[in-house]
Amino acid sequence: MNAQATWQTQFSVETSATVEMIWQIFRDVGTWQHWNAGIESLEIHGPFANGTWFSMKPPGQAALRSCLIEVRENECFVDETRVGELTVRVAHRIQRLGPASTRVIYSVEAEGPDAAEIGAAISSDFPEVLASLAALAERKCNAAGIA
């Protein structure tokens with residue numbers, strides 16, 4: 001068996017939004033397409049918990065089926081997508097930096113044929129997605145009088 005190629009990258013954003021607000025937005029899977037332009041539609045098949053599957057359709061592409069393989073409230077969630085021999089894991093982590101400072105980190109690991117090409121394509125919009133997430137969370141915190 002040939003060794004599989006592995007590709008990794010990471011992006012982050014700092015925000016004044018709270019960890020709890022970021023987590024609330026993450027858990028509200030039905031609204032992800034409103035702040036993530038890389039999602040045309042998304043359907044979760046159960047609770048936002050370990051082992052739950054969801055279907056996500058990127059614009060102009062077929063839907064992909066992914067599984068939540070790790071969910072830790074107010075800390076992180078990791079999803080895994082398998083297409084043939086390719087496996088892509090995306091970790092979404094939240095770090096409290098201080099009373100009014102939070103870092104959100106998206107890490108991607110792709111393993112298998114064409115890992116670098118597909119991993120780069122999947123993560124190409126992550127800086128914009130993170131900026132949109134932070135802006136939404138900040139607006140929600142301000143509207144709720146949190147900050």
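Probing with 1.4 Å while keeping every protein chain in the model, the per residue accessible area of the chain equals 54 Å².
Placing unit charges on each Cβ (+1 for Lys and Arg, -1 for Asp and Glu) gives the stretch 1-146 a dipole about its Cα centre, and among Gln24, Val71, Ile118 the Cα reaching farthest toward its positive end belongs to Gln24. If you roll a 1.4 angstrom probe over the protein chains with everything in place, what fraction of the accessible area of the stretch 1-64 belongs to carbon and sulfur, to the nearest %? About 50 percent, which is the carbon plus sulfur part of the accessible surface.
Taking packing as the residue-averaged number of other Cβ atoms within 10 angstrom, the listed peptides 27-37, 10-20 run from highest to lowest as 10-20, 27-37. Subtracting the Cα-Cα distance of Thr6 and Arg72 from 0.36 nm times their residue separation leaves 21.2 nm of extension gain. On a per residue basis, the convex hull of the C-alpha atoms belonging to the chain measures out at 107 Å³. Within the stretch 90-147, the proportion of Cα pairs with more than 16 Å between them is 55 percent. Placing +1 on each Lys and Arg Cβ and -1 on each Asp and Glu Cβ, with no other charges, gives the stretch 80-136 a dipole about its Cα centre of roughly 480 debye.
Quick check on the chain: helices-only [θ] at 222 nm, where DSSP H runs of length 4 and up contribute -39,500 (n - 2.57) each and the sum goes over total residues. Nearest 500, please.
Details: 4 runs with 40 residues, N = 147.
Result for the chain, helices only: -8000 deg cm²/dmol.
About its Cα centre, the dipole of the stretch 44-143 is roughly 460 debye, where the only charges are +1 on Lys and Arg Cβ and -1 on Asp and Glu Cβ.
The values are calculated or read from the model by the stated rules, or taken from the named source; none is laboratory data. Note that the coordinates shown come from a computational prediction; the quantities given were computed from them, not determined experimentally. FYI the Cβ positions are ideal-geometry reconstructions off the backbone, even for glycines, and counts take in every protein chain you see. These accessible areas exclude ligands, DNA and RNA; they are computed on the full protein's heavy atoms, side chains included. Shrake-Rupley method; radii C 1.70, N 1.55, O 1.52, S 1.80 Å.
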